[in-house]
Amino acid sequence: MAAFTDDMVRDGFDHYDDMCTVCHGGPGVERGEIGKGLNPQAPNLANAVKVWMPRQLFWIVNNGVKMTGMPSFGATHNDEEIWSIVAFIEKLPEMPPNQYRQMKQQSGTDTHEHMMH
């Protein structure tokens, strides 16, 4: 896999914010109720990046982890999308909460409030 691009990180953010924060949380984002009730608990991915190589993270996101709450996103996402999620996860250790909020505002993923009304 070539170096991750800014476009991949932005695309990965959209997927992460939509699918991953409920269990894993994010910079300044608390886990959702599902994530708080998981046993075993989903790891803080900023710490996981220090342990797993990108290709290992790709495998986990693609295949899921049996006997945990981690699903296989390979069933619903192509390789390019999964690599973009990994590209974003790789940025988590150095990402402050205000940068995460800024990405959320720029991506327009803060729009589900409008859909509820």
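What follows is calculated from the coordinates using simple rules that are stated; it is not laboratory data. What you see is a predicted model; the values in this text were computed from it and never measured. Positions of Cβ are generated from backbone atoms using ideal geometry, with glycine treated the same way; all protein chains shown enter the neighbour counts.
Just to verify a number: FRET efficiency for N78 and R55, C-beta to C-beta distance, R0 = 25 Å, to 0.05?
0.90
Among M53, M67, M95, the residue with the largest mean-square fluctuation in a Gaussian network model of the chain, with springs joining Cα atoms closer than 10 Å, is M67. In this Cβ point-charge picture (+1 for Lys and Arg, -1 for Asp and Glu), the chain has a dipole of about 500 debye about its Cα centre. Within the listed set P27, P40, P54, the residue fluctuating most in the Gaussian network model of the chain (springs between alpha-carbon atoms under 10 angstrom) is P40. Full extension of the chain between S107 and N39 gives 21.3 nm of extra length, using 0.36 nm per residue less the Cα-Cα distance.
The Cα center of the range 64-93 and the Cα center of the range 33-61 differ in position by 9 Å.
If you take mean projected area of the Cα convex hull in nm² from the coordinates, which of (i) 8.6; (ii) 7.6; (iii) 7.0 do you get? Entry (ii).
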